[in-house]
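Q: Encoded as structure tokens, here's the structure I'll be asking about.
The values are calculated or read from the model by the stated rules, or taken from the named source; none is laboratory data. All of these numbers come straight from a predicted model, not from anything done at the bench. Positions of Cβ are generated from backbone atoms using ideal geometry, with glycine treated the same way; all protein chains shown enter the neighbour counts. SASA here: full protein model, heavy atoms, side chains in, ligands and nucleic acids out. Shrake-Rupley method; radii C 1.70, N 1.55, O 1.52, S 1.80 Å.
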Amino acid sequence: MIWRSILFALVFSLTFLSPVPAQESSRATEATKSFDPVQATKAWLDTVPADKRAKSNAYFEGSYWLLLWNFLVGAAIAIFLLNSRFSAQLRDFAERVTGSKTLQIAIYAIVYMLVVAVVSFPLTFYQSFIREHQYGFATQTFGPWFLEQLIGLLVGLIAGTIALSILYAVFRHAPRSWWIWGTLVAVVLSFFGNFIAPVFVEPLFNTYKPLTDPTIRDPILAMAQANQIPVKQVFEVDASKQTTRVSANVAGLLGTTRIALNDNLLKQCTLSEIRAVMAHEMGHYVLNHGAKLTVYFGIVALFGFAIARFFFDWALRIWGDRWDVRGISDPAGLPLLMLIFVTFTFLMTPVLNSIVRQCEREADQFGINTSREPDGESKVALKLGAYRKLDPSPIEEFIFFDHPSGRARIQMAMDWKAAHLPAGNLDAPEPATD
């Protein structure tokens with residue numbers, strides 16, 4: 001009986017159990033081999049008509065020159081304010097108005113920022129209004145656009161005055177180690193600004209209202225709940241009054257966390273695309289990219305402040321008397337600091353873009369594993385390709401891209417799809433099983 005039982009079990013196993021895994025494994029291998037991620041990526045890119053690809057390339061490549069022009073204009077303004085001694089005269093005016101060092105900085109900062117805004121307005125007008133309309137991305141007429149520029153200027157005046165008052169207080173109290181403490185202040189201010197702006201500043205320009213469509217809202221909230229993001233509702237933003245671009249974000253801190261997506265995303269994208277976008281944005285939140293980027297940029301800022309200290313002292317030894325700048329605590333030297341920083345930032349463009357691009361790629365990876373929407377990810381990448389070059393050279397992507405290119409994003413999605421082809425229905429996530 002024992003041998004008969006063993007023989008029966010062996011026959012049963014060989015007959016009913018062994019062939020099934022072998023067949024499934026064979027089918028899975030054949031399915032994986034039949035799907036080529038490289039060819040699939042090329043097929044997605046080939047769906048974009050040549051004229052649209054040319055328009056996208058022209059728009060994005062034009063930003064290379066705008067990067068240079070913004071640097072040159074910023075540098076020219078700083079040099080003009082120093083050589084004309086307008087900066088020194090503005091400082092003298094602030095000193096005549098009040099004896100308070102803090103108020104002197106505030107007066108100087110407000111006038112300085114107004115002058116810079118007025119002088120640089122032609123470039124801002126071309127870059128943000130004329131050019132965006134030429135390529136069909138802007139939807140505002142001049143009046144509403146200019147009003148928003150004024151609101152942005154007011155916000156910038158308030159934030160800039162506070163920041164400069166704090167920084168110059170540090171410069172006065174730490175004339176030798178100002179570059180170290182200045183970096184710390186800049187990092188702290190940047191940290192709070194990154195979390196405050198989406199919640200308290202952006203509503204000045206757009207209306208946020210709860211998204212009521214359950215077919216879109218509920219899948220987003222389900223992904224948020226699965227990733228322990230403390231939100232109870234999703235907000236819709238009326239960005240179509242300004243632009244045709246799609247956008248979304250998950251932002252906030254200490255009870256202010258909020259999920260928001262703009263109405264362009266709702267109008268232009270399918271549910272699978274929306275899920276892919278929102279999962280990407282959740283990736284930024286879950287992976288603490290806000291805090292990480294603050295730290296990374298803080299390290300870069302420390303390097304920048306150290307360079308600023310060297311070149312500031314060097315420039316004052318040569319031109320200090322001509323400019324009538326007394327030292328680092330003198331607000332008349334602010335244009336010199338700005339000249340050093342805009343030059344440093346311009347030269348560090350590839351490094352800064354690479355830091356952001358790496359975080360964006362991490363968010364892409366998180367997003368596709370959360371949404372399980374490789375085709376949705378690819379479709380969104382093509383939509384973003386309307387204003388971001390889809391297939392740049394490696395050098396272009398390294399220097400100018402602060403996000404992965406469309407080709408890189410589609411390739412990642414197709415690699416994921418190839419690896420997960422045996423998983424079954426990719427449109428509806430299933431519970432994981434051991």
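Q: Once you keep just the Cα pairs under 8 angstrom separated by 6 or more residues, what percentage relative contact order results for the stretch 119-276? Kindly include the intermediate steps, with their values, before the conclusion.
A: Values: 139 pairs, mean separation 32.8, N = 158.
Value for the stretch 119-276: 21 percent.
Q: Starting from the Cα of Lys52, draw a straight line to each of the aspartates and glutamates and keep only those under 18 Å, dropping any in the same chain fewer than 8 residues away.
A: Glu61, Glu132, Asp391
Q: Mind listing which trypsin sites (Lys or Arg not before Pro) in the stretch 270-354 are in a DSSP loop and have 15 or fewer other Cβ atoms within 10 Å?
A: Details: sites: Arg275, Lys292, Arg309, Arg317, Arg322, Arg326; in loops: Arg326.
Listed in order of number, the matching sites are Arg326.
Q: Can you give the accessible area of Glu373, probe radius 1.4 Å, in Å² rounded to 10?
A: Result for Glu373: roughly 10 Å² accessible.
Q: Per residue, how much accessible area does the stretch 62-104 show when a 1.4 Å probe rolls over the protein heavy atoms, in square angstrom? Before the final figure, lay out each step's value.
A: On the way: 2420 Å² over 43 residues.
Roughly 56 Å² per residue, with all protein chains present.
Q: Counting Lys and Arg as +1 and Asp and Glu as -1, what is the net charge of the other residues whose Cβ lies under 12 Å from the Cβ of Leu382? If you can, show how the numbers build up before the last one.
A: Numbers: positive: Lys52, Arg53, Lys379, Lys383, Arg388, Arg407, Arg409; negative: Asp46, Glu273, Asp375, Glu377, Asp391.
Taking every other residue near Leu382 into account, the sum is +2.
Q: Counting each DSSP H run of 4 or more residues in the chain as -39500 (n - 2.57), what helix-only mean residue ellipticity at 222 nm follows after dividing by all residues, to the nearest 500 deg cm²/dmol?
A: Details: 19 runs with 302 residues, N = 434.
That comes out to -23000 deg cm²/dmol.
Q: Rank Arg53, Arg176, Arg372 by mean-square fluctuation in a GNM of the chain with C-alpha springs under 10 angstrom and give only the top-ranked residue.
A: Of Arg53, Arg176, Arg372, the most mobile in the Gaussian network model is Arg176.
Q: How big is the gap, in Å, between the Cα center of the stretch 101-124 and the Cα center of the stretch 320-358?
A: Answer, in whole Å: 16.
Q: What pairs in Lys42/Lys383; Lys292/Lys389; Lys42/Lys389; Lys241/Lys267 have C-alpha atoms more than 19 Å from each other?
A: On the way: Lys42/Lys383 16 Å; Lys292/Lys389 27 Å; Lys42/Lys389 15 Å; Lys241/Lys267 13 Å.
Beyond 19 Å: Lys292/Lys389.
Q: Using Cα centres only, tell me the gap between the stretch 363-385 and the stretch 170-231 in whole Å.
A: So the two Cα centres are separated by 23 Å.
Q: Taking Cα atoms, how many degrees apart are the long axis of helix 289-323 and the longest axis of the chain, rounded to 10 and kept between 0 and 90?
A: Computed tilt is about 20 degrees.
Q: Need one number: % antiparallel among DSSP beta bridges in the stretch 199-296, to the nearest 5.
A: Values: 7 of 11 bridges.
Around 65 percent antiparallel, to the nearest 5.
Q: Can you tell me what share of the DSSP beta bridges in the chain is antiparallel? A percent to the nearest 5 is fine. Numbers along the way, then the final one.
A: Details: 8 of 12 bridges.
Close to 65 percent.
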